[in-house]
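Colleague: Okay, here's the structure, questions in a sec.
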Amino acid sequence: MELPLVVGVDGSAGSLQALDWAVDEAGRHDARLRVLYASLWERYESRLPPEDGLSAETRAEEAVAAAAARHAQERDPALRVHAETVAEEAVNALVEASRHAAAVVTGPSGRGTLAGLLLGSVSLSVAARAHCPVIVVRGTEENVRGTSGRILVGVGDAEEAPAAVRFAFREAAARGCEVHAVRAWRHPARQSVDHYPLPSSGPLVHEEQAGRELTEALRAAEAEHPHITVHGTTVEGPAHRALVDASADADLLVVGALRRHHGLGLQLGRVSHTALHRAECPVAVVPAG
């Protein structure tokens, strides 16, 4: 990777786990690692600037970033790592950093009042607005360590699937593991009660159509990575439920996201939103295009 991998840190246990994951990921791709600490909250507390120009809050922030960089270097001595602090709200800083990053890595929650929720507001907002893939490091310790040898990718519609599939295959190639691709389908008669059932010649027609769409979505990536073992599965039912269930046996779940046409960021649909909250492994949200 020519662009760096960016990881957001804040001194919390979740960000330390994200840092470790990012160090390993940077090593797999021979990438530089940019460690970013961004916060305005401590500075709101300060009334007068100190005489030497550095407040206690600023020193504390720089200490967190420096400690993160030392930890990263100890974990991988060959890693090219750079740490910095930014006097900016965390979401805005990470979204801005995503303009010049191969990917952004965050933990599932931070130190604030939202840390007890399923997913922290910073991670969710960054995943929704970033210009590059965002990986939220969540799930069980075993899944985070990556012991299953499996990358799981949700194959959505034709607009969002290609980028997610490419990302999943690149990850599998870097890790030397398999790709498990899931394409969900729904029988029209079993759709939401808000919709009228459509005429159908039976479930088999829809399952076969899903299979053809899955095959087509994987074709280019399989040709580019012929040595990767690929398992394609079509599942009847909601895609978000199928992917969350399958995430228990995955090292990484990859889902696509669509960019809004009016420039307000990524369209986090139900699949990616549920995955970020419920998956049992790290989740990569990959922007279409």
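Colleague: Restricted to the stretch 277-289, and to residues that are at pLDDT below 95 and outside any loop (DSSP other than H, G, I, E, B), which residue is most open to solvent (accessible area, probe 1.4 Å)?
Modeller: My answer is Arg278.
Colleague: Give me the residue from the stretch 94-128 that is part of a loop (DSSP other than H, G, I, E, B) and at pLDDT 70 or above and, out of that set, surrounded by the fewest Cβ atoms within 10 Å (Cβ to Cβ).
Modeller: Here the answer is Ala102.
Colleague: Let me ask something else. Does any residue of the stretch 216-228 turn out to be at pLDDT below 95, part of a helix (DSSP H, G or I), closer than 27 Å to Ser148 by Cα and open to solvent by 10 Å² or more (accessible area, probe 1.4 Å)?
Modeller: no
Colleague: Those residues that are in a helix (DSSP H, G or I), of a type in the set (A, V, I, L, M) and either touching a strand residue (DSSP E or B) at 6+ places or on another chain (Cβ under 8 Å) or without any contact (Cβ under 8 Å) to a residue 60 or more places away in the chain (or both), I need them from the stretch 233-249; list them, please.
Modeller: Once the filter is applied, which keeps residues that are in a helix (DSSP H, G or I), of a type in the set (A, V, I, L, M) and either touching a strand residue (DSSP E or B) at 6+ places or on another chain (Cβ under 8 Å) or without any contact (Cβ under 8 Å) to a residue 60 or more places away in the chain (or both), the stretch 233-249 yields Ala239, Ala242, Leu243, Val244, Ala246.
Colleague: What number goes with the only condition from (1) touching a Gly at 6+ places or on another chain (Cβ under 7 Å); (2) modelled with pLDDT of 95 or more; (3) open to solvent by 50 Å² or more (accessible area, probe 1.4 Å) that Arg80 does not pass?
Modeller: Among (1) touching a Gly at 6+ places or on another chain (Cβ under 7 Å); (2) modelled with pLDDT of 95 or more; (3) open to solvent by 50 Å² or more (accessible area, probe 1.4 Å), Arg80 violates only (1).
Colleague: Which count do you get for residues in the stretch 181-210 that are more than 22 Å from Ser247 (Cβ to Cβ) and at pLDDT 60 or above?
Modeller: Result for the stretch 181-210: 10.
Colleague: Is it true that some residue in the stretch 160-170 is of a type outside the set (S, T, N, Q), modelled with pLDDT under 95 and open to solvent by 50 Å² or more (accessible area, probe 1.4 Å)?
Modeller: Checked against the condition, which is being of a type outside the set (S, T, N, Q), modelled with pLDDT under 95 and open to solvent by 50 Å² or more (accessible area, probe 1.4 Å), the stretch 160-170 yields no hits at all.
Colleague: Sticking with this one: As an exercise: evaluate Glu74 against (1) surrounded by 13 or more Cβ atoms within 10 Å (Cβ to Cβ); (2) at pLDDT 95 or above and give the number of the one condition it does not meet.
Modeller: Just one mismatch for Glu74, condition (1).
Colleague: For the stretch 246-259, indicate whether the set of residues that are modelled with pLDDT of 95 or more and surrounded by fewer than 20 Cβ atoms within 10 Å (Cβ to Cβ) is non-empty.
Modeller: Yes, the stretch 246-259 contains a residue that is modelled with pLDDT of 95 or more and surrounded by fewer than 20 Cβ atoms within 10 Å (Cβ to Cβ).
Colleague: Only one of (1) more than 15 Å from Ala181 (Cα to Cα); (2) at pLDDT 95 or above; (3) of a type in the set (Gly, Ala, Ser) is not met by Gly263, so which one is it?
Modeller: It fails just one condition, (2).
The values are calculated or read from the model by the stated rules, or taken from the named source; none is laboratory data. Given the structure is predicted, the values throughout are model-derived calculations rather than measurements. Here Cβ is always computed from backbone atoms with ideal geometry, including for glycine, and neighbour counts include all displayed protein chains. Keep in mind that these areas ignore ligands, DNA and RNA; they rest on the heavy atoms of the full protein, side chains included. Shrake-Rupley method; radii C 1.70, N 1.55, O 1.52, S 1.80 Å.
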